[in-house]
Amino acid sequence: MQAVVQDRYGDASTLRHERVPRPRAGTGEVLVRVSAAGLDRGTWHLMTGKPYLMRVVGMGLRGPKDRVPGRDLAGTVEAVGPAVTRFAVGDEVYGIGRGSFAEYAVAREDKLAHKPVGLSFQDAAVVPISAGTALQALIDHGRLEPGQTVLVIGASGGVGSYAVQLANALSAEVTGVASASKLDLVRSLGAHHVLDYSRDDWADGSRHYDLVLDIAGNPKLSRLRRALVPTGTAVLVGGENGGNLTGGMNRSLGALLLSPFVSQRFAWFVSQETASDLERLAEFIEAGTVTPRVERVFTLDHVPEAVRHLDGGNVRGKVAVAVRAT
């Protein structure tokens, strides 16, 4: 099959297009004929091997553990392994697998769901990781309730674009923070208020929020506290610009240590990839309250260009990779 491969950590130049053996589905696994794949920030971390601490906890010390990158996918079931009960050959599915930048990829049954009705493969492929993270940040860790006020820092990116829509669908009052050139996108996602991060100070004390989602940012914990109501919650989602060794983990650990000693609550988490979240997201999508925003679609042989585009920080919403499996 055709695939994108990587044998060493590095930038997009380490990726190349190559023919490789087609994978096989093991027990509890599904072989998916990939129609489209999604590109998220986590894929960049797996490509570069940064922060370095991630290599110690299972990424691979000297090179990527999975030679074919990519995790988000949407496509058609080609084969099922022993013990698979929820899917049959020909089913249209979406979810999270291994090596989705290829014509075929393997996914665990418990990380797949049936593709939302009426959604294209390209749109479905950009949902699983980013939208799943947003859902868990808001509900599982943010404990969002209807009528609460939510501040989304990084509202125009992959996770942020879903967080704004989901919070709105859950009857919250949403304020989105983004660059000036992306405020129109954030408004179109359903944000009630928008702030230009280069001009407007969301921590100036003029407004306070029940829940703050800090998505891939690096503000000081004191600034997050100033933006919260006295019993509010701040959820740290990712953490860029925190250094090559630990990334934003030092700040996340500091937030967890601080949380028991103040009236406000801090939360940090590693997203759990589950079929139940994918099924719930499908309900939002089919109801029309959440819509994937795909800015650009790249073909499989242009994945390095797609990664460079993501790394440039100019993506509005999500980036998809079109895969034509045969």
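Points worth noting:
- If you go through region 159-217 and keep only what is of a type in the set (Gly, Ala, Ser) and under 25 Å from residue 287 (Cα atoms), you end up with 160, 161, 163, 167, 169, 171, 172, 176, 188, 190, 191.
- When region 222-250 is filtered for residues that are under 23 Å from the mean Cα position of the chain (by Cα), modelled with pLDDT of 90 or more and more than 22 Å from residue 310 (Cβ to Cβ), the ones remaining, listed by number, are 224, 233, 234, 235.
- Where a residue in region 22-35 is over 11 Å from residue 97 (Cβ atoms) and its partner, wherever it lies, is open to solvent by less than 30 Å² (accessible area, probe 1.4 Å) and of a type in the set (Asp, Glu), with Cβ under 8 Å and at least six apart: 22/103; 28/109; 33/103
- Pairs where the first residue, in region 66-92, is without any contact (Cβ under 8 Å) to a residue 12 or more places away in the chain and the second is part of a strand (DSSP E or B) and not polar (S, T, N, Q), C-beta under 8 Å, 6+ apart: 88/77; 88/80
Yes/no matrix, rows are residues, columns are (1) free of Cβ contacts under 8 Å to residues at least 24 places away in the same chain; (2) open to solvent by 10 Å² or more (accessible area, probe 1.4 Å):
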| site | (1), (2) |
| --- | --- |
| 116 | no, no |
| 131 | no, no |
| 139 | no, yes |
| 169 | no, yes |
| 179 | yes, yes |
| 190 | no, yes |
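- Of all residues in region 253-273, those being of a type in the set (A, V, I, L, M), surrounded by 12 or more Cβ atoms within 10 Å (Cβ to Cβ) and at pLDDT below 90 number 5.
- Residues in region 71-95 that are closer than 23 Å to residue 15 by Cβ and open to solvent by 10 Å² or more (accessible area, probe 1.4 Å): 71 only.
- Looking only at region 288-306, and only at residues there that are in a helix (DSSP H, G or I) and open to solvent by less than 60 Å² (accessible area, probe 1.4 Å), the one that is nearest to residue 34 (Cα to Cα): 300
- For region 3-40, a tally of residues being open to solvent by 50 Å² or more (accessible area, probe 1.4 Å) and either under 21 Å from residue 124 (Cβ atoms) or of a type in the set (A, V, I, L, M) (or both) returns 1.
- Within region 205-217, restricting attention to residues that are out of contact with any helix residue (DSSP H, G or I) (no Cβ under 7 Å at 6 or more places or on another chain), in a loop (DSSP other than H, G, I, E, B) and touching a residue at least 12 places away in the same chain (Cβ under 8 Å), the residue that is most open to solvent (accessible area, probe 1.4 Å) is 207.
- Selection status of residue 126, of a type in the set (A, V, I, L, M, F, W, C), under 19 Å from residue 235 (Cβ atoms), touching a strand residue (DSSP E or B) at 6+ places or on another chain (Cβ under 6 Å) and crowded, with 24+ Cβ neighbours inside 10 Å: no
The values are calculated or read from the model by the stated rules, or taken from the named source; none is laboratory data. Bear in mind that the values here come from a model prediction, so they are computed numbers and not experimental data. As a convention, Cβ positions derive from the backbone with ideal geometry for all residues, glycine included, and neighbour counts pool all protein chains shown. Ligands, DNA and RNA are excluded from the accessible area calculation, which covers all protein heavy atoms including side chains. Shrake-Rupley method; radii C 1.70, N 1.55, O 1.52, S 1.80 Å.
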